[in-house]
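Coordinate-derived values only; no laboratory data. Remember, predicted model here, so these are calculated numbers, not experimental data. Neighbour counts are summed over all protein chains in view; Cβ atoms, including those assigned to glycine, are modelled from backbone coordinates with ideal geometry.
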Amino acid sequence: MSDDPIFSLIHSLGDTLDGLDVALCAFDENDCTLAWNRTFFKFFPEHEGHVYVGEPYHANLRRFYTERLDAQELPNIDRYIAAGVERHRAQTRPYSFEHRGLRVHVSSLPIAGVGRVRVWRAEAVQSPQEQEKLEKVGDVNIHEPGYPRSPMVESTELFDRIPDGLMICGEDQRIQWVNEPFMQMYSLVDRAAATGLSFEDIYRGAWAADGPGDMAPFYEGLTILHEHMRFAGAPFEVPLPRNRWSRVIAKQGLDGTVFYAHVDITEFKRQQRRLAQAERSARDSEAQLREKSILLEATLENMDQGVAKISATGIVELCNRRALELLDLPVELMASKPSLVNVLAYLRARGEFDGASQEIQDMLLNSDGGVDQQQVYDRPRPDGRILEVQTVPIKGGGALRTFTDVTQRKQAEHRIRHVAEHDGLTGLLNRSAFLQTLQAAVPDARRQGQGFAVLYVDLDGFKPINDRFGHAVGDQLLAWVARQLAQAARENDVVARLGGDEFALLQRGVSDRDSALRLGERLVQAIAQPTEIESHFIQIGASVGIVMSSADATNAEELLRKADSAMYLAKASGRGCVRIYGA
Ligand SMILES: Nc1nc2c(ncn2[C@@H]2O[C@H](COP(=O)(O)OP(=O)(O)OP(=O)(O)O)[C@@H](O)[C@H]2O)c(=O)[nH]1
């Protein structure tokens with residue numbers, strides 16, 4: 001049988017795999033043992049001295065399981081053997097298992113005309129003692145007498161089916177043989193051409209074949225080669241073109257032959273790089289975060305806005321310097337992380353909320369600080385300042401409260417509004433503000449079931465006063481008329497200067513014409529009083545037109561227009577009198 005070239009090849013393969021520390025056992029088509037190598041006994045010492053050609057695989061498996069199973073599992077041994085035989089016949093993919101402190105990877109190749117060849121590769125997971133025991137087995141001379149030496153390998157199909165690159169070198173470090181994956185890895189087209197070259201030649205060739213590009217990794221790889229190729233020692237890694245990497249593992253044979261496995265670790269390197277990158281960016285973002293929080297703290301302390309954070313349990317966890325200033329809160333109180341209820345009680349005792357509306361007081365004093373949605377209100381302080389207090393809910397509970405001193409803004413707004421709504425000369429409401437007030441009075445009166453009257457007042461003979469005494473005197477007379485009107489009106493009524501020498505008065509809470517007429521008469525009399533301005537005794541008259549809200553008009557402009565036309569009737573009737581629209 002050993003004359004058969006196939007069996008010579010299997011023996012030769014066994015020898016070669018010994019060199020790479022890979023175990024081999026071949027079986028015929030009836031699952032009977034045909035051949036094995038020394039490494040097989042290294043991984044499975046229980047077979048040493050028992051294996052024989054023609055032994056059925058199930059007998060081999062029984063030894064294996066007897067060695068491996070504990071007392072509890074032993075009753076299942078027949079089932080395990082049957083499953084093992086089944087797996088052996090059908091195995092298409094490599095798998096791993098642990099045996100005697102080793103993690104063993106097994107791969108099974110069907111070979112036409114022979115049966116199956118199983119090969120095992122192992123990595124240690126065992127204790128140092130067991131490792132030492134294994135080393136001793138590994139030291140056995142695989143070429144001892146009685147162990148068949150292989151003839152030169154003619155067929156290399158089996159080596160070409162191993163995923164890793166294989167390179168066999170002689171003592172002179174010159175290549176004797178390489179497999180197909182090796183050729184692919186180093187861009188070799190002709191296997192024969194590699195014979196006699198050094199690995200460095202192959203390495204240079206691989207980079208040359210890739211064409212011009214970044215050659216820095218090539219020079220780095222050359223340095224690595226020079227360091228490691230001198231001795232067949234520890235595994236090393238070399239960069240290949242196109243960001244690929246190879247790990248080279250050497251195993252010295254006893255006759256000077258060196259077996260090299262070249263494993264493509266590109267993916268592994270890529271993962272390593274990604275991991276390093278992820279670690280770097282995690283470190284960077286941690287530093288950024290630290291910087292941000294320092295910045296945030298500085299901002300909080302120096303900002304012009306008071307900020308307080310209230311926890312979900314109603315504790316004031318944070319309160320910046322400006323908040324302490326704006327609310328006159330003592331540092332010690334806030335440093336003790338008090339509850340909001342306590343802080344509010346402190347403020348109330350000091351009269352903080354005395355000027356606030358009932359609504360704000362109710363809202364504040366019954367609150368634990370939590371809000372469902374953003375809330376804004378203005379809080380007048382005892383010292384006259386106005387704080388805008390804004391509360392926003394925090395995701396997950398609690399709230400953030402900001403305090404802004406809006407005193408100046410509010411004063412400016414008030415000034416602007418006053419200028420926009422009032423007549424500069426008399427201080428009365430101007431025409432547009434009066435119209436707005438009047439428009440608002442329509443539904444108010446309807447709701448309250450009360451009417452109102454609009455009185456339109458136009459001075460009689462004002463122009464001659466201007467002409468005779470000058471515009472400045474005219475101005476002062478207009479201001480005096482405004483005061484007369486304001487005095488004649490009640491608190492609820494509204495007096496306005498519509499423009500020139502025209503005034504208007506909204507008389508609230510009247511439904512009968514007589515009341516309105518009486519007020520009209522009073523206005524005429526009040527204006528007809530003589531007055532002294534800049535040493536001039538001046539007397540002026542006024543005509544008054546009235547419209548009652550009971551008239552159809554619901555529109556302020558229309559009401560005013562009707563009062564105006566009633567005033568013209570008064571002028572037409574000889575001035576100094578009162579007329580009602582529609583009477
Ligand atoms: N001093 C002063 N005069 C003003 C002001 N605005 C308007 N006038 C003047 O007021 C006068 C109003 O005109 P008229 O209503 O015809 O004057 P009148 O003499 O009262 O006329 P009758 O209403 O028909 O009696 C004009 O001469 C305007 O120049 C103001 O702000 N100050």
TODO: Would you please give the FRET efficiency between Glu359 and Gln525, computed as 1/(1 + (r/R0)^6) with r the Cβ-Cβ distance and R0 = 60 Å, to the nearest 0.05?
DONE: 0.85
Task: MRE, 222 nm, helices only [DSSP H, n ≥ 4, -39500 (n - 2.57), over the chain, to nearest 500] - done: -13500 deg cm²/dmol
Open item on the list: If I take R0 = 30 Å and measure r between the Cβ atoms of Phe268 and Ala208 in this structure, what FRET efficiency does the formula 1/(1 + (r/R0)^6) give, to the nearest 0.05?
Closed with: 0.70
- [ ] Treating cross-link reach as a plain straight distance, find the aspartates and glutamates whose alpha-carbon is under 12 Å from the alpha-carbon of Lys571, omitting any fewer than eight places away in the same chain.
- [x] Asp458, Asp460
Open item on the list: What does the charge count around Gly461 come to, taking other residues whose C-beta lies under 13 Å from its C-beta (Lys +1, Arg +1, Asp -1, Glu -1)?
Closed with: 0
Open item on the list: So if I take the alpha carbon set of the chain, get Rg, then get Rh from the Kirkwood formula, what is the Rg over Rh ratio?
Closed with: 1.49
Task: Exposed-loop-free span, longest in the chain, where chymotrypsin sites (Phe, Trp or Tyr not before Pro) count as exposed if DSSP calls them loop and at most 13 other C-beta atoms lie within 10 Å - done: 232-583
Open item on the list: Show me, for the stretch 561-576, the HN-Hα J-couplings you get by feeding each phi into the Karplus relation (A = 6.51, B = -1.76, C = 1.60, θ = phi - 60°), rounded to Hz, glycine and proline as x.
Closed with: 4, 5, 5, 4, 5, 5, 5, 5, 4, 4, 4, 5, 7, x, 6, x
Task: Two-site FRET efficiency, Met303 against Val341, from Cβ-Cβ distance with R₀ of 25 Å, rounded to 0.05 - done: 0.40
Task: Spatially proximal lysines relative to Lys269 (Cα-Cα < 26 Å; intrachain offsets below 8 disregarded) - done: Lys251
Open item on the list: Report the per residue volume, in Å³, of the convex hull enclosing the C-alpha atoms of the stretch 388-470.
Closed with: 165 Å³
